[in-house]
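Everything on this sheet refers to the single structure shown next.
The values are calculated or read from the model by the stated rules, or taken from the named source; none is laboratory data. Remember, predicted model here, so these are calculated numbers, not experimental data. Using ideal geometry, Cβ is built from the backbone for each residue, glycine included, and neighbour counts are taken over all protein chains shown.
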Amino acid sequence: MEQNIIALIWDFDKTLVDGYMQTPIFERYQIKEAKFWQEIKRLEQEYEQQKVRVNKDIIYLNHFLTCVDQGIFPGLNNKVLRELGQKLRFYPGVPDIFKIIKDHIAKNEKYQAFNIQVEHYIVSTGLAEMIRGSAVAAHVDGIWGCEFIETPIKSTLQIKEYKRGNCTPAISTEIQQVGYALDNTSKTRVIFKINKGVNKYPEIDVNSKMAAADRRVPFENMIYIADGPTDVPAFSLLKNNGGRTFAVFPRGDAKRFRQVDQLRVDGRIDMFGEADYTKGTITYMWLLEHTRQIADRIRSAKLEKIKMSVSEPPQHIID
């Protein structure tokens with residue numbers, strides 16, 4: 001691997017968009033968003049009373065399916081989710097910041113000789129189809145999020161004729177099952193995929209043993225950008241392996257400011273700034289500066305490797 005890639009890995013909710021990406025869904029079906037999330041908070045306790053253990057990070061996915069089954073979200077499918085992604089409201093400077101950072105490196109002649117490039121990835125516990133339909137999709141190199149299945153593949157197992165009956169099941173045009181789910185811990189698995197190049201070379205298994213020198217994007221070539229405490233596993237992975245971490249908070253939100261400042265005090269992040277990616281802000285300048293620093297380090301390492309591989313030319317010997 002050339003190891004000439006700089007990867008910026010982005011959370012989505014409250015990092016790139018102001019709030020939760022599911023807001024357009026509630027608006028479409030005229031459902032009070034706060035009431036839905038209040039139900040989600042109660043689910044873990046209610047299922048515990050049934051002696052059922054659930055993952056609190058992704059139980060909302062099952063509750064969406066419950067709402068579809070109850071007719072609360074009629075006709076909700078992947079096509080609708082992608083269309084609703086167009087309605088997402090981003091923080092200032094998004095998606096422009098993605099192209100600006102890429103061009104900052106790609107158009108610099110001293111990096112061109114070594115083909116040093118920036119790639120953007122979104123790793124979210126939100127809905128991948130909505131992200132794919134949003135304004136940022138054209139600017140990123142990969143999206144990981146939660147996915148729904150509309151038409152589950154039927155089993156080929158045989159059942160007794162009298163149980164099956166003569167009814168032919170209708171083909172659903174609504175989401176029916178969870179196909180892929182990410183929680184705050186499994187985000188780290190995705191980071192390892194980017195690290196090893198699994199997303200570019202499917203023949204590589206994320207669990208395969210691989211020397212650091214053979215990995216496509218070393219951890220020290222990564223920057224992780226997110227909004228808070230729920231991203232601690234990803235922050236920790238990067239911090240413990242030489243990567244860089246940055247947290248954002250909404251302008252004027254004192255409570256969220258204190259949260260990200262505590263992350264700094266605890267050594268979880270390198271820096272934080274307001275969720276404003278426009279030119280001249282701390283967030284804008286920090287991201288460009290640290291992308292450039294990584295590019296300089298890659299360039300210096302490659303120049304040093306060239307020098308080490310070249311022997312001294314023959315000299316005239318003067319007696």
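Results, tabulated for the structure shown:
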| quantity | calculated |
| --- | --- |
| Count - residues of the range 269-290 that are part of a loop (DSSP other than H, G, I, E, B), closer than 18 Å to ILE105 by Cα and charged (D, E, K, R) | 1 |
| Residue, surrounded by the most Cβ atoms within 10 Å (Cβ to Cβ), within the range 235-265, restricted to residues that are among the small types (Gly, Ala, Ser) and closer than 21 Å to ARG89 by Cβ | ALA247 |
| Top-ranked residue of the range 1-50 - restricted to ones that are closer than 30 Å to ARG292 by Cβ and at pLDDT below 95, ranked as surrounded by the fewest Cβ atoms within 10 Å (Cβ to Cβ) | GLU2 |
| Residue match in the range 28-50 (condition: touching a helix residue (DSSP H, G or I) at 6+ places or on another chain (Cβ under 6 Å), part of a helix (DSSP H, G or I), closer than 20 Å to GLN177 by Cβ and touching a residue at least 60 places away in the same chain (Cβ under 8 Å)) | no |
| Residue within the range 77-87 that is closer than 23 Å to ASP13 by Cα, among the small types (Gly, Ala, Ser) and part of a loop (DSSP other than H, G, I, E, B) present | no |
| Selection within the range 60-90 - free of Cβ contacts under 8 Å to residues at least 60 places away in the same chain and more than 27 Å from ALA135 (Cβ to Cβ) | HIS63, THR66, ASP69, GLN70, GLY71, ILE72 |
| Lone unmet requirement of (1) at pLDDT below 95; (2) among the basic types (Lys, Arg); (3) closer than 24 Å to HIS104 by Cβ for LYS209 | (3) |
| Candidates PRO152, PRO95 - the one that is in contact with a helix residue (DSSP H, G or I) (Cβ under 6 Å, 6 or more places away or on another chain) and either within 19 Å of ASN199 (Cα to Cα) or not acidic (Asp, Glu) (or both) | PRO95 |
| Residue list for the range 51-76, filter: part of a helix (DSSP H, G or I) and farther than 24 Å from GLU150 by Cα | none |
| All positions within the range 266-311 that are among the acidic types (Asp, Glu), under 30 Å from PRO229 (Cα atoms) and loosely packed, with under 14 Cβ neighbours inside 10 Å | ASP266, GLU289 |
| Close pairs (7 angstrom Cβ cut-off, 6 or more residues apart or separate chains): part of a helix (DSSP H, G or I) in the range 104-125, among the basic types (Lys, Arg) anywhere | HIS104/ARG292; LYS110/ARG299; TYR111/ARG299 |
| Residue in the range 94-118 that is farthest from TRP144 (Cα to Cα), counting only those that are buried (at least 20 other Cβ atoms within 10 Å of the Cβ) and not aliphatic (A, V, I, L, M) | TYR111 |
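Yes/no per residue for (1) more than 26 Å from TYR91 (Cβ to Cβ); (2) surrounded by fewer than 20 Cβ atoms within 10 Å (Cβ to Cβ); (3) touching a helix residue (DSSP H, G or I) at 6+ places or on another chain (Cβ under 7 Å):
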position: ASP183; (1), (2), (3): no, yes, no
position: PHE192; (1), (2), (3): yes, yes, no
position: TYR201; (1), (2), (3): yes, yes, no
position: LYS209; (1), (2), (3): yes, yes, no
position: VAL217; (1), (2), (3): no, no, yes
position: PRO233; (1), (2), (3): no, yes, yes
